[in-house]
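The values are calculated or read from the model by the stated rules, or taken from the named source; none is laboratory data. Being a predicted model, the structure only gives us computed values, none of them experimental. As a convention, Cβ positions derive from the backbone with ideal geometry for all residues, glycine included, and neighbour counts pool all protein chains shown. Calculation scope for accessible area: heavy atoms of the full protein, side chains included, ligands and nucleic acids excluded. Shrake-Rupley method; radii C 1.70, N 1.55, O 1.52, S 1.80 Å.
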Amino acid sequence: WARTARIAGAYFSPDDDLDTIDARLAQLAAENVTVVITDSPLGEQFAVWADDSTFAAVKASIATVVARAHAHGLKVVLYHTGLELISPPARNPGLEYPHWAQLGLDGTPILFNDVSNEDTHWLDKGIWDFWLTPCAPAEDITENGAQATDESFRALSLRRVQEIVTTGIDGIWVDQVYLQGSVGSHDDMWPSSDPCSVAAFEAETGFAMPTAEDWDSPAFQRWIVWRHTQITDFLLAEMAAARAINPNLVFLNENSSIDTGRSTYVATDPASLLVYPDITTGHEIETIADRMDAGETGMKFATVDQWLAFRTMVAFARGTDRDKPSWILTYGFAPRDSAQLAGLVLAEQANFYETRGPQMADTVSADFRTRLFGWIDQHADKLYGGKSVAQVGLLFSPRTRDLIDTVSGEPYAIGDSIHFAAYRAAANRLLRAHIPIDIVIDTDTAMFSRYKVLILPEIQMMSEATATALRAFNGTLIAVGTTGLYDEWLNLRPNMALTGTGTIFLPHVDARLTELADTHLLTTDAPASVQIGVWRHPHGFSLALVNTAATPTTAPIQIALRSGAPHGAQFTATLYPLDYPLDGAAATLAFQPPATFNPPILSGGSPATVQLEIPAGLDTLALLTLERTDPPNLLWLPSLLDPDANAE
């Protein structure tokens, strides 16, 4: 159910009566939602976590919500903030539990009450914002599980999580597992230097704890990387605690960093979870307006480049999650831009969390959500049942991001980054040219053989394991800029890692990159404002067509897809547009779904290329399916598209 989830949020209070709870859940079920991200006072309130009686009351409320949600056929994934708690002005949590605080490099606790709503939309001046260290000495957990007066927050949180799971929740969505570097006007705090974290860092690395931000210092560099492991360790501990009660519980970490320098800053990196098969990510991807505009613009004024940046972030999410589901939380403004956001999410086979900024529990329109999620439900097998056909892998290097880009690079701005700038420029070029791509983490070397082309954009740092895998790669290697000059710890190599190989070296990203990378799998005259996602099924293909422009298309779109099928193979092509009059205008396709083209024109030779025309009038989103209809004894050559196909 997590792989086909249709996601929305809702808030429940212990004061809600049963009728109120039932009405809210019935509405969500009627809107074709399958998963409710359930928020409550447990989500972030200090008192609920710290006080047994308050916790018990909220826990009982959640149990009621879970029972009623299951009666409505809904899954419940409970929201909470992992390392941030807030408290009213009268109760300073730092006075009660000073040893829980994250400490900046200068020893300052990350605990403030001067942050305004204009600075951070979930806070107000006077409210205490308390950031908690993920570290816990092993001896702070007593044998019988009782709370000690000096118990770490981590120990408490693991006990609380286990109690929460007994309510029958289906999953946990844990947010704000950050080493928070910036709150309101407080910037560059660089936690955490609490005694537990200092001891752990020094024991694990042999380096003394740095005392100041210094990117040239080996100790600071090692600490920057080590902080990722501290966050991952906390998440794995929480997941293990929850799974001890319910082994089937789905566990997601909400992360707003995506591929940007924020991962370095707050130490939370989706790529760190790549190797763990049973923990996935709820990726929060902001729009160009971000959440701070109270949902007043969303992506309404987005340029093509900004839409392509959004798609790249979704593709990065899939690259870090791979065979796990990727839930994408983003914030629409109106039905039109929400449909376009959903389209790009679906084009990468991810799951759409529908809401309107800045809230996680809102909607751009109940009618829109009902229609969108109903459409997704109708086509779920085609949207989620296939595999990417991409023959081009674009590599991303978390280590180069950490130690070369040094926190530069934002969702829609490259800043003064090096690797990030080249990677985003390459993605933009490839997506404009409609070349199907996957984002591949550079340490995920087992994935390399799936592709015919690998692109390395300014990956200046590279481990020997990655370098060895690239030297053995049998396809086309394209390196942009400086590649493999350093190992993974910034030690200078005598020669760049791929010197002497057949690698094609380009000084920067330009038109030659697309010429070299294009395997001619997909050919189209669609403008860059129309994006296409392609994946393969056992008996054909699915294509997501997403029009990111402000108006429907005015000309037909030609598409040719190299099918891997022999000449003479027959396909049925069916187009299913999202049939919705957006913004009050009846801007739908000129025909009603399904519209069938049977058979498409087939090119000569083998394998065949499926050629067809999409009529003008594509408004926001459509699904195109290609199904083999000829006798099954005809040779099918999916291995031309997927090296793993023979194993299937």
- prompt: What number, in percent, do you get for the relative contact order of the chain if the mean sequence gap of Cα pairs under 8 Å and at least 6 apart is divided by its residue count?
  reply: 10 percent
task: Using Cα Rg over 2.2 N^0.38 Å as the read-out, say which of [x] 1.32; [y] 0.98; [z] 2.22 was calculated from these coordinates.
output: [y]
task: Using all C-alpha to C-alpha distances in region 226-365, build P(r) with 10 Å bins and read off the rounded percent in each one.
output: 12, 40, 33, 13, 1
query: Of all DSSP beta bridges in the chain, what percent run antiparallel (nearest 5)?
result: 50 percent
With DNA, RNA and ligands ignored, accessible area of R512 (1.4 Å probe; Å², nearest 10): 120 Å²
- prompt: So how far apart, in nm, are the two label points at T4 and R432 if each is 7 Å from Cα heading toward Cβ?
  reply: 3.9 nm
query: Given a Förster distance of 45 angstrom, what is the FRET efficiency for H70 paired with S116, based on the Cβ-Cβ distance and rounded to 0.05?
result: 0.65
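Given a Förster distance of 45 angstrom, what is the FRET efficiency for E213 paired with E296, based on the Cβ-Cβ distance and rounded to 0.05? Show your work: numbers first, answer last.
Numbers: r = 36 Å, r/R0 = 0.80.
For R0 = 45 Å, the calculated efficiency reads 0.80.
Considering only protein heavy atoms, with the full assembly of protein chains and a 1.4 angstrom probe, order I21, I504 by accessible area, largest first. If you can, show how the numbers build up before the last one.
On the way: I21 5, I504 45 Å².
Putting I21, I504 in descending order of accessible area: I504, I21.
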message: Apply the Karplus curve 6.51 cos²θ - 1.76 cosθ + 1.60, θ = phi - 60°, to the phi angles in region 23-29 and return the couplings in whole Hz, x for Gly and Pro.
response: 5, 5, 5, 4, 5, 4, 4
query: Can you list residues whose amide H is under 5 Å from T297's amide H, if they're 5+ apart or on another chain and H is modeled 1.01 Å from N?
result: none
- prompt: What are the trypsin sites (Lys or Arg not before Pro) within region 448-480 that DSSP puts in a loop, where the Cβ has at most 11 other Cβ atoms within 10 Å?
  reply: none
task: Work out from phi, with θ = phi - 60° and the Karplus expression 6.51 cos²θ - 1.76 cosθ + 1.60, the ³J(HN,Hα) of each residue of region 249-266, listed in order in whole Hz, and give x for Gly and Pro.
output: 5, 7, 10, 10, 9, 6, 9, 9, 7, 6, 9, 8, x, 4, 4, 5, 5, 9
query: Sequence-distant or interchain residues sharing an amide H contact under 5 Å with N255, placed H: which?
result: G282, H283, E284
Solvent-accessible area, 1.4 Å probe, carbon plus sulfur percent, for region 277-414: 48 percent
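Give the accessible surface of the chain per residue, rounded to a whole number of Å², with probe radius 1.4 Å and ligands, DNA and RNA excluded.
Numbers: 23500 Å² over 648 residues.
On a per-residue basis, 36 Å².
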- request: Filter the GluC sites (Glu not before Pro) in region 251-318 to those in DSSP coil with at most 14 other Cβ atoms within 10 Å of their Cβ, and list the result.
  value: E296
statement: Share of accessible surface on carbon and sulfur in region 166-261, whole %, 1.4 Å probe and ligands ignored, is 52 percent
message: Let me check something: with ligands and nucleic acids excluded, how do H80, H520 order by accessible area (1.4 Å probe), largest to smallest?
response: H520, H80
query: Want the number for A366 to A446: 0.36 nm per residue separation, take away the alpha-carbon distance, what's left?
result: 24.5 nm
task: Can you tell me which of 56-65, 115-124 comes out highest on packing, and rank the rest after it, using the mean Cβ neighbours within 10 Å?
output: 56-65, 115-124
- prompt: How far apart, in nm, are two points set 7 Å out from the Cα along the Cα-to-Cβ line at N495 and at D381?
  reply: 5.5 nm
field: Derived scalar couplings ³J(HN,Hα) [region 609-624; Karplus, 6.51 cos²θ - 1.76 cosθ + 1.60; whole Hz; x for Gly, Pro]
entry: 9, 7, 10, 8, 10, 9, x, 4, x, 4, 7, 10, 8, 8, 10, 10
- line: Honestly region 23-169 on the Cα gyration tensor test (a ≥ b ≥ c root eigenvalues; a/c under 1.5 rounded, otherwise a/b vs b/c for prolate or oblate) is just oblate
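Can you give the translational diffusion coefficient of region 238-292 in µm²/s, computed by Stokes-Einstein from the Kirkwood radius over Cα pairs at 4 °C and 1.567 mPa s?
Details: Rh = 12.7 Å.
So the translational diffusion coefficient is about 102 µm²/s.
For R159 and D233 in the same chain, what is the full-extension length gain: residue separation times 0.36 nm, less their Cα-Cα distance, in nm? Don't skip to the end; give the middle numbers.
Details: separation 74, 0.36 × 74 = 26.64 nm, distance 1.63 nm.
Residue separation times 0.36 nm, minus the Cα-Cα distance, leaves 25.0 nm.
Figure the gain on full extension for S13 and I245 (residue separation times 0.36 nm, minus the Cα-Cα span) and round it to one decimal in nm.
Working: separation 232, 0.36 × 232 = 83.52 nm, distance 2.45 nm.
81.1 nm is the gain from fully extending S13 to I245.
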message: Less than 15 Å apart at the alpha-carbon level, and either on another chain or at least 8 residues along: which aspartates and glutamates does that give for K382?
response: E348, E627
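Sorted by accessible area with a 1.4 angstrom probe, largest first, how do M313, M496, M209 fall? Mind dumping the intermediate values first?
Values: M313 0, M496 60, M209 25 Å².
Correct descending sequence by accessible area is M496, M209, M313.
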query: Of the peptides 302-312, 482-492, how do they stack up when ordered by the mean number of other Cβ atoms within 10 Å, highest first?
result: 302-312, 482-492
